[in-house]
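Some notes on the structure that comes next.
Here, each number is a calculation from the coordinates, and none is a lab measurement. Computed from a predicted structure; not experimentally measured. Every residue, glycine as well, gets a Cβ built from its backbone with ideal geometry; the counts of neighbours run over all protein chains shown.
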Protein chains: 2
Amino acid sequence: MSHQKLLVKNARGHGQGVVNVLVREGVIMSVSADEPTTSDDVEVVDVGGDLLCPGLIDGHLHLDKTLIGLPWMPHSAGPTRQDRIKNDKSIMPTLPLSVEVRASNLVRQAITKGTTHMRSHVDVTNEVGLDSLHAVMKVREKFADAMEIQIVAFPQDGVVSSPGTIDLLESAIGEGAEFIGGIDPAVIDRDPVGQLDALFAAAERTGAGIDIHLHEPGELGNFNIVLICERAKALGMAGRVTVSHGFALGAINDATFDQTAALMAEAGVSVMTFGPGSSPMLPLKKLAVAGVRVFAGSDAIRDTWWPFGNGDMVERAQFIAYRVGYRRDDDIESTLDLATYAAADIMGFENYGLEPGCRADFVTLPAETLAEAIVDPKPRSLVIKNGRVLARNGVLEDGLS
Amino acid sequence: MSHQKLLVKNARGHGQGVVNVLVREGVIMSVSADEPTTSDDVEVVDVGGDLLCPGLIDGHLHLDKTLIGLPWMPHSAGPTRQDRIKNDKSIMPTLPLSVEVRASNLVRQAITKGTTHMRSHVDVTNEVGLDSLHAVMKVREKFADAMEIQIVAFPQDGVVSSPGTIDLLESAIGEGAEFIGGIDPAVIDRDPVGQLDALFAAAERTGAGIDIHLHEPGELGNFNIVLICERAKALGMAGRVTVSHGFALGAINDATFDQTAALMAEAGVSVMTFGPGSSPMLPLKKLAVAGVRVFAGSDAIRDTWWPFGNGDMVERAQFIAYRVGYRRDDDIESTLDLATYAAADIMGFENYGLEPGCRADFVTLPAETLAEAIVDPKPRSLVIKNGRVLARNGVLEDGLS
């Protein structure tokens, strides 16, 4: 943690005029139109009117899977999710760079984009055991001051069809992962109740939260979302259960949607979106009206699953806004909320924001307005984490290896 | 036109090794692995292994509508297309920058992205008359060596409901526009046959091509596409009629699609897509199988209709690939074809390509492969038009005012 003093001058707050942000010992001391008097030991950075934004939050990625740092690898899987799982298994052990190296590469890249917090799913399966978890935990330790990382122990192969996995997931929680993951209980495990009961029982035993990949379409996906909500409610897990993707919510009829959304709100089950291109998009406004909380993440970032993605949560907000057809500034700006305040609130990051007393985690965006920053993303002029400058103009500072 | 000699060294051809491109008097003389012997008067540019790509083609934009160069203007229209037309009319006359200045700004920006050819729709209505056309024609003249611009005379207000417009469209063709435009004959004119008969009659009288905006949904949009094909066929206009958008093609059932696509192929009617976010995406592979030709364009670029867009056809290819869910290199690369070879072929740009004898219109993309260039677009290292360097590393050369 930095004990430096820092003054960021000439930033523009959202809906405010020009402000100066004074930081000490990693905490925002003041945000004010007046320039504070400072002593010689204060580093002063003038951002020339760029927009102040709290540190970006990537609510869903896979640090262990990225290929960043390797030469371009053409996508080689067949068309189904099962093909991609199989392909992933055959390629990953052959890579010349370790999980630790590749995950570190992605963390560094995310820092240059202004990301200060993330939730990474990490494969925990009978094949890799806890190896990938250990590697990602090392990365978390290494970047402790630069990136807050939540870890989801992710049973990529399912749990019913892969006996022993539940024990591994519980071990992962014991070692420091915070969430039990899951995936498509019908398509992957062919047993919705079997997978979900096992996951929730493990969560109950360990005190972990839950974050389940749910790509399943239409009525099938909706059925499993309802099963998840019923279990979250029964165990009083409000606020600690997430459905990642939840494509089904964009594909069911209005009456079914209303029922499911009401149940999600009641059970305190949130949903994460990456703004899918070819799967149904979440109806964001309808979810908000129903009281369902939504946050955003990258999902795959240049890995064996998917060649797209670069960890930029401002571009992610753009995709989401584009995908739902937003045109108005307030609508477009609401998509960045999914990667800032809403995400912090749902994911439980504390002391988050731009008020005095908050952790000094913020980024400055070169643009006239937040909407412009989203529709035309430019390199971030400044990225600050725990009061320390980590990147300038899209380039990492020295010493972040 | 440039009479310079230019040697672009160390480019990589698609699927080839490193090549050197020799240009003289605006024409590609040779593309070869060997370095040609050159005299002192040859400008040599080393692109360090970047990928060679023919000049990008933007098949659909609105030069007269862009707000580029103005301070950010929040989107202020109501939710319907009619609201946006009304809003556009109230704002455009109040802008402090002329059509000529704004259109020039967009042309310059497009050049930095590697665009060398474009088709601009220009409003021709009873309100603006031919004023916007004249302004865009001036811009075309001014940038004659830097950008090839086709012009569509666009009846934004319809023709049946706006008497006198057809005469204006014909005058626009007489003055140098190449295409008669149109828009949603049912929704805007409430008279599909009335609008389409008028447009095709004007095209027949003037010898112009046709390019019709068709946003109409589902079966209604499909009905109008069929009407367009019937008229294109009757008049023998194969290859000279385009449906822009054609969202309906992504929303009708398979049997109806197959019938319409077969008719489009038979009539030689092409379709333009910008990769819409919240409207149905064209089924690109099914269109290709049916023999329907597709090309890509930006559509609105930061205007009163839509705040997104920057004229970058590589990013556009990315949106399209993302939207159709492509993962494989060959699929992803096919989206850039919609803004290069396919577009040139459909739009009738001659001497296009990277063969000796072609116009020296090309761009170099910093990436290992074309697929990587599309999923992770970077500033273009070099943009060449008519043998002249117009931009380097995303920055316009001096003197392109």
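Summary of values
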{"quantity": "Cβ charges +1 (Lys, Arg) and -1 (Asp, Glu), total dipole of chain B, debye", "calculated": "460"}
{"quantity": "D (Stokes-Einstein, µm²/s), Kirkwood Cα radius, chain A, 1.567 mPa s at 4 °C", "calculated": "60"}
{"quantity": "Estimated dipole of the protein assembly as shown in Debye, rounded to 20 [Cβ of Lys and Arg +1, of Asp and Glu -1, Cα centre]", "calculated": "140"}
{"quantity": "Taking B:Ser120, A:Ser381, B:Ser279 and counting other C-beta atoms within 10 Å, the order from fewest to most", "calculated": "B:Ser279, A:Ser381, B:Ser120"}
{"quantity": "Selected from B:Trp306, B:Gly394, B:Gly348, residue furthest toward positive end of dipole (the protein assembly as shown; charges at beta carbon)", "calculated": "B:Gly394"}
{"quantity": "Förster-model FRET efficiency, 35 Å R0, B:Glu355 and A:Leu70, C-beta, rounded to 0.05", "calculated": "0.55"}
{"quantity": "Rg over Rh [alpha-carbon atoms, Kirkwood Rh] for the protein assembly as shown", "calculated": "0.98"}
{"quantity": "Normalised convex hull volume, the range A:140-252, alpha-carbon set, Å³ per residue", "calculated": "105"}
{"quantity": "Gained length - A:Asn393 relative to A:Ala255, 0.36 nm times residue gap less alpha-carbon distance", "calculated": "44.9 nm"}
{"quantity": "Using alpha-carbon coordinates, inclination of helix A:313-324 to the longest axis of chain A, degrees", "calculated": "60"}
{"quantity": "Label geometry 7 Å along the beta-carbon vector: A:Asp34 inter-copy distances in nm", "calculated": "7.7"}
{"quantity": "For the range B:332-401 and the range B:201-241, distance of Cα centres in Å", "calculated": "30"}
{"quantity": "The range B:165-217: proportion of alpha-carbon pairs further apart than 19 angstrom, %", "calculated": "22"}
{"quantity": "Positive dipole terminus of chain B, leading residue within B:Thr242, B:Pro276, B:His60 (C-beta point charges)", "calculated": "B:Pro276"}
{"quantity": "Overall dimensions of the range B:234-392 as given by Cα atoms, namely Rg and Dmax in Å", "calculated": "16.5, 50"}
{"quantity": "Whole-number D in µm²/s for the range A:333-382 (Stokes-Einstein; Kirkwood sum over Cα pairs; 37 °C, 0.692 mPa s)", "calculated": "274"}
{"quantity": "Label point 7 Å beyond Cα along the C-beta direction, distances from A:Ile91 to other copies (nm, shortest first)", "calculated": "4.2"}
{"quantity": "Order of B:Thr116, A:Thr256, B:Thr304, A:Thr38 - criterion: other Cβ atoms within 10 Å of each residue's Cβ, fewest first", "calculated": "A:Thr38, A:Thr256, B:Thr304, B:Thr116"}
{"quantity": "Principal axis box of the range B:314-401, alpha-carbon based, largest edge first, Å", "calculated": "41, 28, 23"}
{"quantity": "D (Stokes-Einstein, µm²/s), Kirkwood Cα radius, the range B:294-355, 1.002 mPa s at 20 °C", "calculated": "170"}
{"quantity": "Fraction in percent of alpha-carbon pairs per bin - 5 Å, the range B:1-55", "calculated": "5, 22, 30, 26, 13, 4, 0"}
{"quantity": "Fraction of beta bridges assigned by DSSP in the range B:56-347 that are antiparallel (%, nearest 5)", "calculated": "5"}
{"quantity": "Cα gyration tensor, the range B:198-304 - rounded (a/c under 1.5), prolate or oblate", "calculated": "oblate"}
{"quantity": "Nearest 10 degrees, 0 to 90: helix A:218-234 Cα axis against chain A principal axis", "calculated": "80"}
{"quantity": "Chain B: angle of helix B:165-175 to the longest principal axis, Cα-based, in degrees nearest 10", "calculated": "30"}
{"quantity": "Lysines whose Cα lies under 28 Å from that of B:Lys138, excluding same-chain neighbours fewer than 8 positions away", "calculated": "B:Lys65, B:Lys86, B:Lys89, B:Lys113, B:Lys385"}
{"quantity": "q = 0.16, 0.27 Å⁻¹, the range B:76-119: log10 I(q)/I(0) [Debye, one scatterer per Cα]", "calculated": "-0.62, -0.86"}
{"quantity": "Inter-copy separations for A:Asn393, label at 7 Å along Cα-Cβ, nm, ascending", "calculated": "1.0"}
{"quantity": "Shielding by partners - mean other protein chain Cβ count within 10 Å, residues of B:319-328", "calculated": "6"}
{"quantity": "Packing-based exposure ordering (other Cβ within 10 Å, fewest first) of A:Cys358, A:Cys229", "calculated": "A:Cys358, A:Cys229"}
{"quantity": "Relative contact order computed over the range B:56-347 (Cα-Cα under 8 Å; 6+ residues apart), in percent", "calculated": "20"}
{"quantity": "Net charge of neighbours whose Cβ lies under 14 Å from the Cβ of B:Asp189, counting Lys and Arg as +1 and Asp and Glu as -1", "calculated": "-3"}
